[in-house]
Amino acid sequence: MSDDPLFSFSSHEIPHYYGDYVRALFLGAAVLSAVVIPVFGNLLPFGTFVQVLSALLLVLLAGLTNPHSRMLILYDTIISGVGVLLLESIAISVAAERAQHKSPFDVLRVRYPFFERQRFAQAPAIGT
């Protein structure tokens, strides 16, 4: 294994401490949601503002996670569970919408107009 501290997690004397991995997963989820929000827009039913706040909450919890606070570990668990439930409900609703359309790209046009706008932005002008 590499001794480079940039690519390795710090070792703790506390057995079964996975806070460093939780921190990395929370930061990864926050970055991924920050990239996805401008592309897909209102992916969650609560709106874009709540999506941005949830990404900031993940970053805050990632920074506060430590092995000495059981309440923060409980908060991490609750936020992770709520996130899984929300993302799975989105996956089910997208799959249900996809089953109603003939082409998988119809769902992208109906649910995510970003892709349709990009297609028209790149289309050549009529009469040129």
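The values are calculated or read from the model by the stated rules, or taken from the named source; none is laboratory data. Model, not experiment: these values are computed from the prediction. Ideal geometry is used to build each Cβ from the backbone, glycine not excepted, and the neighbour counts take in all protein chains shown.
Do we have any residue at all in the range 17-25 that's at pLDDT below 85 and either assigned to a loop (DSSP other than H, G, I, E, B) or in contact with a His (Cβ under 7 Å, 6 or more places away or on another chain) (or both)? For the range 17-25, residues at pLDDT below 85 and either assigned to a loop (DSSP other than H, G, I, E, B) or in contact with a His (Cβ under 7 Å, 6 or more places away or on another chain) (or both): present. Condition first: surrounded by 11 or more Cβ atoms within 10 Å (Cβ to Cβ), of a type in the set (A, V, I, L, M), modelled with pLDDT under 85 and within 11 Å of the chain's Cα centre (by Cα). Can you find one or more residues in the range 44-55 that meet it? Within the range 44-55, one or more residues are surrounded by 11 or more Cβ atoms within 10 Å (Cβ to Cβ), of a type in the set (A, V, I, L, M), modelled with pLDDT under 85 and within 11 Å of the chain's Cα centre (by Cα). Sub-8 Å Cβ pairs linking a first residue in the range 22-49 that is of a type in the set (S, T, N, Q) to a second residue that is modelled with pLDDT of 85 or more and surrounded by 12 or more Cβ atoms within 10 Å (Cβ to Cβ), at least 6 apart or interchain, are 33/54; 33/55; 33/58, ordered by first then second residue. I'd like to know if the range 79-86 contains one or more residues that are modelled with pLDDT of 90 or more and surrounded by 14 or more Cβ atoms within 10 Å (Cβ to Cβ). Among the residues of the range 79-86, at least one is modelled with pLDDT of 90 or more and surrounded by 14 or more Cβ atoms within 10 Å (Cβ to Cβ), which makes the answer yes.
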